[in-house]
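See below for the structure under consideration.
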Amino acid sequence: MKEFNIVMCGVGGQGTVLASKIIAQTAIRKSMNTRVGETHGMSQRGGTVISHVRIGSEVYGALIPEAQGDCMLAFEPVESLRYMNYIRKGAYIVLNEHPIVPTSVNAGMATYPSFEEVKKELQRATDNIIHTDASKIATETGGIISLNMVILGMFSQIPTCPFSAEDLKQSIEELVKPKFVELNLAAFDKGTTVLH
Amino acid sequence: MLLDNKPGLVELLMGNQAVVRGALEAGVGVACTYPGTPASEIGDTFAKYSIAANSYYWEYATNEKVAFETALAGSWSNLRSIVSMKHVGINVAADALLSMTYGGSVAGLVLAVGDDPSCFSSQNEQDSRNYARFGMFPCMEPSSPQETKDMVKDAFALSESFRLPVMIRQTTRSAHCSGNVEYGPIPEQRNEVVFTKDKLHKAVLPSHAYQLHPDLIARFQSLRDFICDSPWTRMSLKGPFGIIANGLTGNYVKESLHYENLEDISFLHLGITYPLPEKSLLTFIQHCDTVLVVEELDPITEETLKRIAFDNNVQVKIHGKDVLPSTYEFNTRIIHDAIMNTLPKTPTISFKGESLPEASKMPPRFPVLCPGCPHRSTFYAIRKADPKGIYPSDIGCYTLGIQPPLNAVDTCVCMGASIGVGSALAHFNKENVFATIGDSTFFHTGLPALVNALWNKSNVNIILVDNSITAMTGQQPNPSCGLNSVFEKIETPIYPEKIAEAMGVQFIRVINPLKIKESIEVFKEAAAFKDGPSFIVSRAPCCMLKGFQKKTPVSIDTKACIGCKICTSKFSCPALIWDETTKHPIVDHDLCNGCEACIEVCPSGAIVEGKEQ
Ligand SMILES: Cc1ncc(C[n+]2csc(CCOP(=O)(O)OP(=O)(O)O)c2C)c(N)n1
Ligand code: SF4
């Protein structure tokens, strides 16, 4: 595989950093080259965040060029829209339906679109959208903190995913604190069962 | 693990972690920092491994100047030393930095700096290479975490060869980029500690500096020649169109050439970006007829290249800032377009993705103060106490108080300026002035300004928003929070109120900002006090603090709620969400910390203590 680009987006504090690390760790174990470009600092206070995860034999910069994303893992609906320019036509999108309403909406300065509207916009780029209320699944399993695991579980099921669920689970075991491994794996497994 | 002495092991490291690994492989003996994004993880990684490694002296210093001086003392004591900071930190350290180069360093001295093109988390886009030019020392720029590690290791040796500090310049993009890093060996031995007395080189009195300046110029000249032969100067002479790029931006060039299948392009990839390898540059322009210079921010390479072309009468077309911006970080699309336009060539690939939805579908999501953040309550109370005041502020999480609806930050320039600017504003203006400053920022550069305010009798109201940690940059300890540089509890925190008392400040109070009504009264009292500065420590822990105990979320008594919206539209805690259908707020139980500050905000008593479920 020459290059596989994963756009991971959401809200600061949702766990995108660990999720991208788990994918990169899996790639390294498979002797691939990796680049993960991350947002730290100010935007982690509930701002919008994007991780660029690039794996394969030929990866260069830390940023996925626009229109070169092979897949998107969106932890929040509106955040998927903000970065939809990064994916290729027909790319797979794993989408959490659960909104985090920004304070701009709360303060009456903006409105939040309906999920149908979000989906319609994304469909301009691709029909391959797998969505569910992943936050709800996480809350019911390991707590909202395990949202990233549910998303990774969903990721493992897309047809173009370069890794098997077992590959990713091994990295979870390597990277997550031992006492949380079981809960995280349970959340991951729930994610794998989400149907198209 | 980062400390594993297993040459050949490949691990995923972030650029900043790779800096630490490189230093360990160079046998570093002293490491220090003042935190700042995007360089913070360098210090945090040194802190994390300091006890386990047991091979280097480590500290979080109170500011970058002190940090730099600590590293300088390390170098003078024959220990390889590294100091890390963000780009604007060099402004603070510059006084030491720009003079020590005259006498020079002893053991390798490395300055790891994080620049921030695009201002992801900074107040400006200054290009640190200018300091390398200003101080006449080398600057190295890695293009991947692997290179970062290898470069840092080389930087110590380079520093020793020329007795100059060596700057490792990462940008937000490289500092926070992770990738595969193959480890080399970590030496078992450290240098022996020796301080050799040598007044000429270690005390830059005017007469010494006068004598040393020619020596600095001479060292710099030989450095220039050395760089032409360095393996970090990577030149490939092919076709007549050439590209020169710095560290990270070279990736965008390689990627563009790769996507376009362009093989006949000459390429000079600079790892050492200051001073420039002038002989190599001359060879390059003599070979090419057109050259594109790819450098983020300032046109330093471009200007040098033009001088060399002029001095040597070389006929070559040099493009740079005529086709590329002097602002913001680059990416592959920007570089690809510039290459296609200057070659010129019709592109075979488009980096234009699907158009974004209209703005109304994407409500903006600014960073906000966390739910339960004590800063929100402090700002709310200040505005309640005096809505007409002037609010100079400073740099930290609390700068977020600038956003509506809080609107409690009017100015922010650099660390410490809240008190410096604020005490002077109080001299000139009739409004009451409320200067807010964080605990870490207070120790960084607020202290001299406090002395000044007191000495010059300003009526500024200084509000030290003390959340017991350096929060914005990722939870580093500071002198008042009761932890040392490796996060162990200490018996003797240095309390700001005691400092103010010892100085002779007349009005000193310590408040709990989560008690909003009491806070408002104290701020009113402070504003009425007109006999010099008032000093109020507004103290409650940051919600992200390790070990922070969340309490039961508040509840809404919907019968009592009058639908006034003050809690969501004026106080704006993200844990309270307005429900348009019921016209009452809803409490988000995942977000609410149970700080209960909002209880006092509600005019009708509709927000009440939550009950354990
Ligand atoms: C000269 C300089 N050094 C470092 C920084 C990075 N920086 C931004 S905010 C901050 C810490 C602020 O901590 P504190 O004052 O305790 O406020 P908090 O974030 O905890 O509210 C630092 C170090 C900077 N902007 N300028
Ligand atoms: S990290 Fe701490 S100081 Fe910063 S916004 Fe959150 S609670 Fe406030």
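Once phi is turned into ³J(HN,Hα) by the Karplus curve 6.51 cos²θ - 1.76 cosθ + 1.60 with θ = phi - 60°, what whole-Hz value does each residue of region B:69-77 show in order, with x for glycine and proline?
Calculated HN-Hα couplings, in order: 5, 5, 5, 4, 4, x, 4, 5, 8 Hz.
Summing both sides, how much accessible area is buried between A and B? Use a 1.4 Å probe and give Å² to the nearest 100.
4900 Å²
Please name whichever of B:L576, B:T283, B:F220 sits farthest to the positive end of the charge dipole of chain B, dipole taken about the Cα centre and charges placed at Cβ: Lys and Arg +1, Asp and Glu -1.
Positive-end residue among those listed: B:L576.
Which of the lysines could a cross-linker bridge to A:K179, judged by Cα under 17 Å and excluding same-chain residues fewer than eight apart?
Within the straight-line cut-off, A:K179 pairs with A:K169.
Which distance in Å, rounded to a whole number, links the C-alpha centroids of region B:200-273 and region B:49-93?
Taking the Cα centre of each part, region B:200-273 and region B:49-93 sit 26 Å apart.
So what's the gap between the Cα centers of region B:480-508 and region A:92-156, to the nearest angstrom?
Cα centroid of region B:480-508 versus Cα centroid of region A:92-156: 45 Å apart.
Just to confirm my numbers, what's the Cα centroid distance between region B:100-134 and region B:377-413 in Å?
What the calculation gives is 31 Å, centre to centre.
Please list 3J(HN,Hα) in residue order for region A:154-159, calculated via the Karplus relation 6.51 cos²θ - 1.76 cosθ + 1.60 where θ = phi - 60°; whole Hz, with x for glycine and proline.
Whole-Hz 3J(HN,Hα) from phi for region A:154-159: 5, 4, 5, 9, 6, x.
Do you know the relative contact order of region B:457-544, to the nearest whole percent, from alpha carbon pairs under 8 angstrom that are 6+ apart?
44 percent
Report the per residue volume, in Å³, of the convex hull enclosing the C-alpha atoms of region B:555-608.
Hull volume normalised by residue count: 68 Å³.
Using only the Cα atoms of chain B, what are the Rg and Dmax in Å?
27.2, 85
Straight-line reach only, C-alpha to C-alpha below 14 angstrom: list the aspartates and glutamates that B:K551 could link to, leaving out same-chain residues fewer than 8 apart.
B:D588, B:D590, B:E596, B:E609, B:E612
Over 27 Å between C-alpha atoms is what I'm after, so list which of B:K48/B:K86; A:K21/B:K65; B:K149/B:K345; A:K177/B:K489; A:K136/B:K515 land there.
A:K21/B:K65; B:K149/B:K345; A:K136/B:K515
Using bins 10 angstrom wide from zero, how does P(r) for region B:310-439 break down, in % of all Cα pairs?
10, 24, 18, 17, 17, 12, 2
From other protein chains only, count the Cβ atoms within 10 Å of every residue's Cβ in A:25-34, then give the mean.
Across the residues of A:25-34, the mean count of other-chain Cβ atoms within 10 Å is 3.
Using a 1.4 Å probe, what is the accessible area per residue for chain B, in Å²?
Accessible surface, normalised per residue, equals 40 Å².
Considering only A:C71, B:I463, B:L545, whose Cα is most displaced toward the positive end of the charge dipole of the protein assembly as shown, charges sitting on Cβ of Lys, Arg (+1) and Asp, Glu (-1)?
So the residue furthest toward the plus end is B:I463.
Please give the calculated 222 nm ellipticity per residue for chain B, where each DSSP H segment of at least 4 residues contributes -39500 (n - 2.57) and the sum is spread over every residue; nearest 500 deg cm²/dmol?
The helix-only estimate for chain B comes to -10500 deg cm²/dmol at 222 nm.
Taking every Cα atom in the protein assembly as shown, find the radius of gyration and the maximum pairwise distance Dmax, and write them in Å.
Looking at the protein assembly as shown, its Cα Rg and Dmax stand at 27.5, 85 Å.
Which angle from 0 to 90°, rounded to the nearest 10, does the C-alpha axis of helix B:374-385 make with the longest principal axis of chain B?
60 degrees
What are the ³J(HN,Hα) values, in whole Hz, obtained from phi via the Karplus relation 6.51 cos²θ - 1.76 cosθ + 1.60 with θ = phi - 60°, for each residue of region B:459-467 in sequence order, with x given for Gly and Pro?
8, 5, 9, 9, 10, 8, 7, 9, 9
What number, in nm² with one decimal, is the all-direction average of the projected area of the convex hull of the alpha-carbon atoms of region B:10-227?
11.3 nm²
Under a point-charge model restricted to the Cβ atoms of Lys and Arg (+1) and Asp and Glu (-1), what is the dipole moment magnitude of the protein assembly as shown relative to its Cα centre, in debye to the nearest 20?
About 860 debye.
Let me have the relative contact order for chain B, percent, based on Cα pairs under 8 Å that are six or more residues apart.
Reported relative contact order: 11 percent.
Reachable aspartates and glutamates from B:K524, Cα under 15 Å, same-chain residues fewer than 8 places away excluded?
Excluding near neighbours in sequence, the set is B:D386, B:E431.
Just the ratio, please: alpha-carbon radius of gyration of region B:233-342 over 2.2 N^0.38 Å, N its number of residues.
The reported ratio for this selection is 0.95.
Using a 10 Å cut-off on Cβ to Cβ distances, tally the other chain neighbours for every residue of A:121-128 and report the average as a whole number.
2
Taking the Cα centre of chain B as the origin, how large is its charge dipole in debye, to the nearest 20, when only Lys and Arg (+1) and Asp and Glu (-1) carry charge on their Cβ atoms?
Charge dipole, chain B, about its Cα centre: 960 debye, nearest 20.
Taking the DSSP beta bridges in region B:171-287 as the whole, what percent of them are antiparallel, to the nearest 5?
Antiparallel: roughly 45 percent of the beta bridges in region B:171-287.
Which GluC sites (Glu not before Pro) does region B:491-553 hold that lie in a coil by DSSP with at most 11 other beta carbons within 10 Å?
Loop-located and lightly packed - B:E491.
For region B:307-387, which GluC sites (Glu not before Pro) are in a loop by DSSP, counting at most 10 other Cβ atoms within 10 Å?
B:E358
Round to the nearest 10 and give me the degree value, 0 to 90, for the angle of helix B:145-162's Cα axis relative to the longest principal axis of chain B.
Computed tilt is about 70 degrees.
Across peptide B:253-260, what mean number of C-beta atoms from other chains lies inside 10 Å of a residue's C-beta?
3
Going by alpha carbons, how many degrees (0 to 90, nearest 10) lie between the helix axis of B:40-53 and the longest principal axis of chain B?
Around 90 degrees separate the two axes.
On the accessible surface of chain A, probed at 1.4 Å, how many percent belong to carbon and sulfur atoms?
In chain A, the share of accessible area belonging to carbon and sulfur is 53 percent.
The values are calculated or read from the model by the stated rules, or taken from the named source; none is laboratory data. Please read these numbers as outputs of a predicted model, since none were measured by experiment. With ideal geometry, Cβ positions are generated from the backbone for all residues, glycine too; neighbour counts draw on all protein chains shown. Side chains are part of the model used for accessible areas, which takes the heavy atoms of the whole protein and leaves out ligands, DNA and RNA. Shrake-Rupley method; radii C 1.70, N 1.55, O 1.52, S 1.80 Å.
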